[in-house]
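**Q** Let me give you the structure first, and then I'll get to my questions.
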Amino acid sequence: MKQRDTLDTRAAKGVPGRTVDMMINIGPQHPATHGVFRMVLTVDGERVIDAVPHIGYLHRGSEKLCEYEDYAQIITLFDRLDYVANFNNELVLVMAVEKLMGLEVPERAAYIRMLMCELNRITSHLLFIGTFALDTGAITPVLYNFRDRERIQALFESVSGARMMHNYFRVGGVKEDLPDQFNERLESALSEIEDGVDEVDRLLSTNEIFLERTKGVARIDGVSALDWGLSGPCLRASGVPYDVRTEEPYLLYERVDFGVPVGSQGDCWDRYYTRVLEVKESIRIVRQIMCQMAPGEVQTKTRRIVRPPQGEVYAHAENPRGDFGVYIVSKGNDSPYRLKVRPPSYCNLQALPQLVVGHYLADAIVVLGTLDIVLGEVDR
Amino acid sequence: MIAGLPPKDKNVPRRRHPVIESAPPRLTPVGEALAKQISDVLSDFDVSITAELDEVCCLVRAPDVERICRLLKEGPLTSMKYMRLLTVVDYLEDEAELEVVYHLYSLEHHHKMMLKTRVSDPSPEVPSVAGVWRGAGWYEREMHDLFGVFFQGTPDTRTLILPDDFEGFPGRKNYPINEYDEW
């Protein structure tokens, strides 16, 4: 960083006036921090010279609670971690337990899981695009995106009975089969969403003000992004094509054809546009799943109370926010001995000070927006 | 606690089950090759290599952790450039030890592994790896909050997810859970 002027150096150069560094506290209750997140910025005029993130306002001790619950009960706790991508969280937990037990899920159940996770990725990214546009001052996209998101939430409701907090995946399969006429409803929703995504894309992505606010802001190169442990769209925007779906394929991702959008600059615009492209890829995946899915069983036979063998397991999957992992230490009981979550937002948020220092105060909000944090997952 | 129910005795497992099975290690050929490589790379250190399901698991002595991590990250054969997870598992009750677990990944070779070390209670100290992977910084602060493990040389020692004046280490098994009245 450039050596800053102090009172002494200014006096030596004969520069009049004086600047005093100012500390600005943002949050924990501020709409732009997307939850109960607080950051203390030190600014010199309009430039951020130091940023200190504070987390933990939503710490509920979920990991410790899991040590006292049955595996079936833990699924409900996982719904409440990343609360805009519930299916994806549930998936990682049930995958970890199944991996430990050596359990195979029926093909239809795997397809249903994939379908739900990809739809959830679409809703999560739609929410991101809308709220990120709000962060940069564009009010309109969020209204369009909420309309489209609501279409998928209605589908989720028809499948699991809840708009959020679904508790639909089970160890060994899913709770029940898809409802009647699901495919027709999904197809009509998809085509509307496709139009909606394109509409918002036209409205926002080439808007000159939006480009000025995001292009070249807060670059991070691939090497330091890896060093910070970034994952998901934040890492791929820096040009690292790391996607768990292709890196260590799980479920039936080997059977579908999809691209992994990768950015080149690692700036705010890349982090935004990677997600826009991902929505389109997810729609492609959903279409392929609908073609491939065949009728069949949706649940393997398991004990009513799941009891995996003794051992340790790490399972992970590509969530909308990045590489979400679960590490379970089992001692052969009904509850895990230790359960630890790898929350992607937590790792992404950690790089915030490096990203915002040197930029304008107004950009700090934009940078935080591109990290797309969910505090339920950061604090657990 | 629900009114009217007797308090739970935490030392008694919920249900007794006579046989406890172990999950068998299922190392892939890639994993077996990696296990050999690691034993070559870390031949100067006191290392024991096992497997947990499909992951190579490597137990080392606590004072060596930072040097081993640097070797694993920078060595071209391993190149573990991505640290996925750092966590602590509490075995204080049975084995009087805390286990620090590092989950590492190599994007070049698609290798994954667990690195473990054990520390015991009066001074649970591990050298910090925040200088190797910067992403380790918050994990180390969090694990100090929850388990009281000291990471020597970590750049930031403030509390992260607990209030500054919090007493005790709530991640540990001996920290009470649900011991509050209805409100």
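The values are calculated or read from the model by the stated rules, or taken from the named source; none is laboratory data. Predicted model, so just to flag it, every value in this text is computed and none were measured. Glycine also receives a Cβ, built like all others from the backbone with ideal geometry; neighbour counts cover every protein chain displayed.
**Q** Got at least one residue in segment A:258-269 being within 14 Å of chain B (Cβ to nearest Cβ) and at pLDDT 90 or above?
**A** yes
**Q** On to the next question. Checking the structure you have, find out if any residue of segment B:38-53 is within 12 Å of another protein chain (Cβ to nearest Cβ), on the phi > 0 side of the Ramachandran plot and in contact (Cβ under 8 Å) with a residue 12 or more places away in the chain.
**A** Filtering segment B:38-53 down to residues within 12 Å of another protein chain (Cβ to nearest Cβ) leaves B:50-53.
Next cut, on the phi > 0 side of the Ramachandran plot only: B:53.
Narrowing further to those that are in contact (Cβ under 8 Å) with a residue 12 or more places away in the chain: B:53.
Yes, segment B:38-53 contains at least one residue that is within 12 Å of another protein chain (Cβ to nearest Cβ), on the phi > 0 side of the Ramachandran plot and in contact (Cβ under 8 Å) with a residue 12 or more places away in the chain.
**Q** Now for a different question. For segment A:101-116, how many residues meet the condition of being modelled with pLDDT of 90 or more and assigned to a helix (DSSP H, G or I)?
**A** So the first thing to find is which residues in segment A:101-116 are modelled with pLDDT of 90 or more, and the list is A:105-116.
From what's left, assigned to a helix (DSSP H, G or I): A:107-116.
Going through segment A:101-116 one residue at a time, the tally reaches 10.
**Q** Moving to a separate point now. When only residues in segment A:237-251 that are within 12 Å of another protein chain (Cβ to nearest Cβ) and part of a helix (DSSP H, G or I) count, which is surrounded by the fewest Cβ atoms within 10 Å (Cβ to Cβ)?
**A** A:Thr246
**Q** Quick one: A:Tyr360 ticks every box in (1) aromatic (Phe, Trp, Tyr); (2) touching an Asp or Glu at 6+ places or on another chain (Cβ under 6 Å); (3) closer than 20 Å to B:Tyr139 by Cα bar one, so which box is it?
**A** With (1) aromatic (Phe, Trp, Tyr); (2) touching an Asp or Glu at 6+ places or on another chain (Cβ under 6 Å); (3) closer than 20 Å to B:Tyr139 by Cα applied to A:Tyr360, the lone miss is (3).
**Q** Is it the case, given these coordinates, that A:Leu368 is crowded, with 22+ Cβ neighbours inside 10 Å and either more than 10 Å from every other protein chain (Cβ to nearest Cβ) or not in a helix (DSSP H, G or I) (or both)? Quick ask: steps written out before the conclusion?
**A** Details: crowded, with 22+ Cβ neighbours inside 10 Å: yes; either more than 10 Å from every other protein chain (Cβ to nearest Cβ) or not in a helix (DSSP H, G or I) (or both): yes.
Answer is yes for this residue.
**Q** Quickly run through segment B:78-98 and pick out the residues that are within 15 Å of the chain's Cα centre (by Cα) and surrounded by 18 or more Cβ atoms within 10 Å (Cβ to Cβ).
**A** B:Met83, B:Arg84, B:Leu85, B:Leu86, B:Thr87, B:Val88, B:Val89, B:Asp90, B:Leu98
**Q** I'd like the full set of residues that are part of a loop (DSSP other than H, G, I, E, B) and within 22 Å of B:Phe147 (Cα to Cα), limited to segment A:57-75. It would help to see each step written out before you state the result.
**A** Of segment A:57-75, the ones part of a loop (DSSP other than H, G, I, E, B) are A:57-61, A:67-70.
Result: A:Tyr57, A:Leu58, A:His59, A:Arg60, A:Gly61, A:Glu67, A:Tyr68, A:Glu69.
**Q** Among the residues in segment B:63-74, are any within 15 Å of the chain's Cα centre (by Cα), surrounded by fewer than 21 Cβ atoms within 10 Å (Cβ to Cβ) and of a type in the set (A, V, I, L, M)?
**A** No, segment B:63-74 contains no residue that is within 15 Å of the chain's Cα centre (by Cα), surrounded by fewer than 21 Cβ atoms within 10 Å (Cβ to Cβ) and of a type in the set (A, V, I, L, M).
**Q** Hey, can you tell me all the residues within segment A:238-267 that are among the hydrophobic types (A, V, I, L, M, F, W, C), in contact with a Leu (Cβ under 9 Å, 6 or more places away or on another chain) and in contact (Cβ under 8 Å) with a residue 60 or more places away in the chain?
**A** A:Leu251
**Q** Show the residue pairs that are 6+ apart or on different chains and have beta-carbon atoms under 6 Å apart, the first residue being within segment A:361-380 and touching a residue at least 40 places away in the same chain (Cβ under 8 Å), the second being of a type in the set (Ser, Thr, Tyr) and not in a helix (DSSP H, G or I).
**A** If the second residue must be of a type in the set (Ser, Thr, Tyr) and not in a helix (DSSP H, G or I), the pairs left are A:Gly376/A:Tyr83.
**Q** Still on this structure, I have one more. Which members of segment B:76-93 meet the condition of being more than 7 Å from every other protein chain (Cβ to nearest Cβ), within 13 Å of B:Met113 (Cα to Cα) and at pLDDT below 90?
**A** Of everything in segment B:76-93, those that are more than 7 Å from every other protein chain (Cβ to nearest Cβ), within 13 Å of B:Met113 (Cα to Cα) and at pLDDT below 90 turn out to be B:Thr78, B:Ser79, B:Met80.
**Q** If you take the residues of segment A:270-310 that are in a loop (DSSP other than H, G, I, E, B), surrounded by fewer than 16 Cβ atoms within 10 Å (Cβ to Cβ) and of a type in the set (A, V, I, L, M), which of them is farthest from the other protein chains (Cβ to nearest Cβ)?
**A** Ranking the candidates gives A:Ala294 first.
**Q** Give just the number: which of (1) touching a residue at least 40 places away in the same chain (Cβ under 8 Å); (2) at the interface with another protein chain (Cβ under 8 Å from one of its Cβ atoms); (3) surrounded by fewer than 18 Cβ atoms within 10 Å (Cβ to Cβ) does B:Glu125 not satisfy?
**A** All conditions are met except number (2).
**Q** Here are the criteria: (1) more than 8 Å from chain A (Cβ to nearest Cβ); (2) surrounded by fewer than 21 Cβ atoms within 10 Å (Cβ to Cβ). Tell me which single one B:Pro163 does not satisfy.
**A** That leaves (1) as the condition not met.
**Q** Tell me which helices (runs of 4 or more DSSP H) are completely within segment A:117-230 and hold 3 or more residues being free of Cβ contacts under 8 Å to residues at least 40 places away in the same chain, or say none if there are none.
**A** Numbers: elements: A:140-160, A:182-204, A:208-214, A:222-228.
Filter on segment A:117-230 gives A:140-160, A:182-204, A:222-228.
**Q** While we're here: Considering segment B:68-90 alone, what residues qualify as being free of Cβ contacts under 8 Å to residues at least 24 places away in the same chain and more than 19 Å from B:Glu142 (Cβ to Cβ)?
**A** Scanning segment B:68-90 gives B:Glu74, B:Pro76.
**Q** Residues being within 19 Å of A:His59 (Cα to Cα) and either away from chain A (no Cβ under 12 Å) or loosely packed, with under 14 Cβ neighbours inside 10 Å (or both): count how many of those fall in segment B:130-156.
**A** Summing the residues that are within 19 Å of A:His59 (Cα to Cα) and either away from chain A (no Cβ under 12 Å) or loosely packed, with under 14 Cβ neighbours inside 10 Å (or both) in segment B:130-156 gives 2.
**Q** Please go through segment B:131-181 and give me each residue that is small (Gly, Ala, Ser) and within 22 Å of B:Glu93 (Cβ to Cβ), ordered by number. Steps first, answer last, please.
**A** Keep residues of segment B:131-181 that are small (Gly, Ala, Ser), which gives B:131, B:135-137, B:148, B:153, B:168, B:171.
Across segment B:131-181, the qualifying residues are B:Gly148, B:Gly168, B:Gly171.
**Q** Turning to a different aspect of this structure: Mind listing whichever residues of segment A:252-269 are buried (at least 17 other Cβ atoms within 10 Å of the Cβ) and of a type in the set (Val, Ile, Thr)?
**A** Listed by number, the residues that qualify are A:Val256, A:Val262.
**Q** Can you name the residue in segment A:19-58 that is surrounded by fewer than 15 Cβ atoms within 10 Å (Cβ to Cβ) and within 14 Å of another protein chain (Cβ to nearest Cβ) and is also farthest from A:Leu134 (Cα to Cα) among such residues?
**A** Selected residue: A:Asp50.
**Q** If you scan segment A:320-344, which residues turn out to be more than 9 Å from chain B (Cβ to nearest Cβ), closer than 21 Å to B:Leu107 by Cβ and either free of Cβ contacts under 8 Å to residues at least 40 places away in the same chain or not in a strand (DSSP E or B) (or both)?
**A** Passing the criteria: A:Pro320, A:Arg321, A:Pro343, A:Pro344.
**Q** Also: Collect the residues in segment A:59-79 that are under 22 Å from the mean Cα position of the chain (by Cα) and at the interface with chain B (Cβ under 9 Å from one of its Cβ atoms), keeping them in residue-number order.
**A** Filtering segment A:59-79 for residues under 22 Å from the mean Cα position of the chain (by Cα) gives A:59-63, A:66, A:74-79.
Of everything in segment A:59-79, those that are under 22 Å from the mean Cα position of the chain (by Cα) and at the interface with chain B (Cβ under 9 Å from one of its Cβ atoms) turn out to be A:His59, A:Gly61, A:Glu63.
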